[in-house]
Every structure is written in C-alpha cells, then in structure tokens.
Amino acid sequence: MKKALISDWYYVNGGAEKVIHSINSIWDDFDHFALIDFLKDEDRKFILNGKKVKTSFIQKLPTVKKNHRKFLQLFPIAIERFDLSDYDLIISSSSAVAKGVRTRKDQLHICYCHSPMRYAWDLQDQYLKDSGLDKGLKGFYAKYVLQKIRKWDVSNSENVDYFIANSNYIAERIKKIYNRESTVIYPPVDVEFFSLEEQKDNYYFTASRLVSYKKTQLIVEAFNELPHLKLIVAGDGPEFQKLQTIAKSNIEFVGFVEANSLKNYMQKAKAFVFAAEEDFGIIPVEAQACGTPVIALAKGGTLETVVENRTGVFFQEQSSQSIKEAVIDFEKIEFNPKVIREHAMKFSKQRFESEMRAFGKEKLAEKF
C-alpha cells in the first residue's frame, strides 16, 4: 500500500511539525509533499526522518522563503497540481490548503485539521491589517482573493473522506464551515522532555513568535502595571523591538531560545502566561507537563487543556486589564505541580500515536 503525507509547508519546527513527526512514527513509509520546504537539516531529520519533500512550483518563486503567504492566491492551483494517483492512503495535515489535494473515490483521504484556514475566515481582518492590505486597490484585490479562497476551501472539503480535529473547538469550526463531522484526537505533546520541576523561581514566563495575534503586547502591558512581578518573554518576530520599547524594567526579553533553554525557563516559572486564542495550543500543555500552572485566555483550545484553579486560571478578555486581574487572582492560589503534571499526561505523544494508529487501521479496513 502506497502512502502520501501532505503538509501545507515546511519552514519551522512548530506544533504542526510535531504532529507530522508522530504520524511518521506510526507509519514510516510515506512519500512527502508540501507547497514549500525550507527546513534546516536537523529539523528535517527529526520531523521527516531525513526524507525529501516533493514541493510545488511556489518553492522556486522569488522571495518565497521570506514571505510565502503573499502567494496565497496561487496556493489552490499549486496543491491541486500534485499527482497522487499512485497512492492508496493520503493523510493531509492542514491549517490552510493541504486538504485540497485531488483524490479519487478509490483512495482513502484522512485530513488531520489543525484549523480551517484562519486568515481566510475568522482572522481575515487582522491578516489584511498586518499585511498592509486593508485599504485601497491592494486591499480590494486581497479581499477578492480571500473570497475566492473561501469558496474553494468549502468546495474541496468534499475531497476528504474523514476529518480529524485537533480539539473540540476545531471540530465545531469544521462543522460550521464545511458542514462535516470530525473525530477529535488531541495533538502530541512531548511530556517526557518537558519533565516535572516542583521548585519554582519568582518569575512569570511567556513564549511565542512575537506576532500580533499572539497578543504578547497585552501581557507586557499587564506586567507594566505589576512592577513588583518579574516577567520573562521568550521569542522573536516582527513585534520584538516594539515590545522592548514599551516594556518596563521588570520585564526581560531573552529572544529565541533553543528547546533545552525553553524547558528550563518553563520548569522554573511561577506560571506560564498565554494570551492567544489558539486552536489547541501545545505550549500551555508543555508548561503543565513541567508542573507549571497556566494563566490563559478562556477561549479556544485552552478551555480543553487547562483546568481552572487546578492547573491554572483563566482571564475572559484579550485585554491587559483582564490579564492583570488574572495574575492578581493567581497570586492568591496554591497549585500542586504533581497534579498539574498528571493532567498534562493526557496529551502525550504515546496517546496521540495510539489513537491515530487505531483510527487509521479502522478506516483502512473499511475501505480496502
């Protein structure tokens, strides 16, 4: 049986790539496809067992490595050009267009959906603003492109035989946008690497790519109002300098950190602060695996991974005031690192791989 694994793109080692790594641990004989591939060799070895990826014509376009999303209007054409006619099992790992590959009825296509394309649906206005495409003729054309993308996105969802959602939150969005049912299998978290540390230091910690939708600025603004509390911010991105400029002396920026340093910061933190509305959000679970409680927005996937007053506390709005109040409330609660760690074990790699293997085996038996 020939198997193909389709990803939107490869250029960083993030949450979606950890899913790919685990799927490769279940079935190690995939041929790999993606719109682009700019992985570092060490990341390729981890994610893809060193295998090569067949890429689309977008790979060769000028400046694509710097900003691939500006070629959004070409994504549907590119993904549909992949010839998968020789494959029996096709798994797409999709938060954009990977699920749009062309398939036949005698092939089995399972889509692991991280999210319907967010910048074409619920994050459209923010995407246009951040890209400088919210006004004028360019803005008009960008909105036209996104309208076309949405129609294509709904239409090609019929190419998928089975959807797997990475959270109940995404299962609801799949139902709303595509009118399709899905099975929820939470993503894999490396709870063995992010090991328990019971002795905490006196600082709060946040880590993410410093882009607008992560809302790190709100966290910084909240701790500006809490000068007696220390915040450490890890990550790099377009907002780095702006955040440094507005931050007060109780806030320290450490830039991009490698995995071991990230783990050390996470293990010793009093709490991990997370302000984004994520589809699942692996990093809050990594924090909990360290026995570190989470202060998080009460929306999206974190509602399924954080237990209020047991493994963390929630704030209700994406505002600095709401975060500030949650931190003040957090200071009044005692948390048990062992209990927090125990909760995080529910999201382990072993659990993900077991559930994915069982799902694939069942659907293959039904199809073939």
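The values are calculated or read from the model by the stated rules, or taken from the named source; none is laboratory data. The structure presented is a predicted model; accordingly, all values stated were derived computationally and were not measured. No Cβ is skipped: glycine too gets one built from the backbone with ideal geometry, and neighbour counts run over all protein chains shown.
Tabulated data for the structure shown
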{"quantity": "Members of region 57-79 that are touching a residue at least 24 places away in the same chain (Cβ under 8 Å) and surrounded by fewer than 22 Cβ atoms within 10 Å (Cβ to Cβ)", "calculated": "PHE57, GLN59, VAL64, LYS65, HIS68, ARG69, LYS70, LEU72, GLN73, PRO76, ALA78"}
{"quantity": "Among the candidates ALA4, ALA96, ALA16, ALA120, residue that is modelled with pLDDT of 95 or more and either in contact with a Cys (Cβ under 7 Å, 6 or more places away or on another chain) or surrounded by 19 or more Cβ atoms within 10 Å (Cβ to Cβ) (or both)", "calculated": "ALA4"}
{"quantity": "Strands (runs of 3 or more DSSP E) completely within region 1-105 that count 2 or more residues being over 23 Å from the mean Cα position of the chain (by Cα)", "calculated": "none"}
{"quantity": "Selection within region 193-207 - out of contact with any strand residue (DSSP E or B) (no Cβ under 8 Å at 6 or more places or on another chain) and closer than 23 Å to ASP279 by Cα", "calculated": "PHE193, PHE194"}
{"quantity": "Some residue of region 105-113 being in contact with a Lys or Arg (Cβ under 8 Å, 6 or more places away or on another chain) and basic (Lys, Arg)", "calculated": "no"}
{"quantity": "Selection within region 247-258 - over 10 Å from LEU210 (Cβ atoms) and surrounded by 12 or more Cβ atoms within 10 Å (Cβ to Cβ)", "calculated": "ALA247, LYS248, ASN250, ILE251, GLU252, VAL254, VAL257"}
{"quantity": "Test: residue in region 169-191 that is of a type in the set (S, T, N, Q), at pLDDT 95 or above, out of contact with any Lys or Arg (no Cβ under 6 Å at 6 or more places or on another chain) and under 27 Å from GLN350 (Cβ atoms)", "calculated": "yes"}
{"quantity": "Candidate set from region 161-180 (those that are in contact with a Phe, Trp or Tyr (Cβ under 7 Å, 6 or more places away or on another chain) and within 28 Å of ASP106 (Cα to Cα)); member that is surrounded by the most Cβ atoms within 10 Å (Cβ to Cβ)", "calculated": "ASN166"}
{"quantity": "Scope region 289-311; condition in contact with a strand residue (DSSP E or B) (Cβ under 6 Å, 6 or more places away or on another chain) and more than 19 Å from VAL220 (Cα to Cα); matching residues", "calculated": "THR292, THR302, VAL306, GLU308"}
{"quantity": "Whichever residue in region 250-283 is in contact with a Leu (Cβ under 8 Å, 6 or more places away or on another chain) and of a type in the set (Gly, Ala, Ser) and, among such residues, is farthest from ILE232 (Cα to Cα)", "calculated": "ALA276"}
{"quantity": "Number of the condition not met by GLN199 [criteria: (1) surrounded by fewer than 13 Cβ atoms within 10 Å (Cβ to Cβ); (2) in the same structural domain as CYS111 (by TED's automatic domain parsing)]", "calculated": "(2)"}
{"quantity": "Test: residue in region 126-135 that is in contact with a Ser or Thr (Cβ under 9 Å, 6 or more places away or on another chain), assigned to a loop (DSSP other than H, G, I, E, B), surrounded by fewer than 18 Cβ atoms within 10 Å (Cβ to Cβ) and not aromatic (Phe, Trp, Tyr)", "calculated": "no"}
{"quantity": "Unique match (being among the polar types (S, T, N, Q), out of contact with any Phe, Trp or Tyr (no Cβ under 6 Å at 6 or more places or on another chain) and in contact (Cβ under 8 Å) with a residue 60 or more places away in the chain) among SER261, SER249, SER319", "calculated": "SER319"}
{"quantity": "Selection count, region 1-47, where residues are among the hydroxyl-bearing types (Ser, Thr, Tyr) and over 25 Å from ALA259 (Cα atoms)", "calculated": "0"}
{"quantity": "Filtered residue count, region 289-312, keeping only those that are under 10 Å from PHE330 (Cβ atoms) and crowded, with 24+ Cβ neighbours inside 10 Å", "calculated": "4"}
{"quantity": "In region 152-168, residue farthest from PHE347 (Cα to Cα) [restricted to those that are over 15 Å from the mean Cα position of the chain (by Cα), assigned to a helix (DSSP H, G or I) and not hydroxyl-bearing (Ser, Thr, Tyr)]", "calculated": "TRP152"}
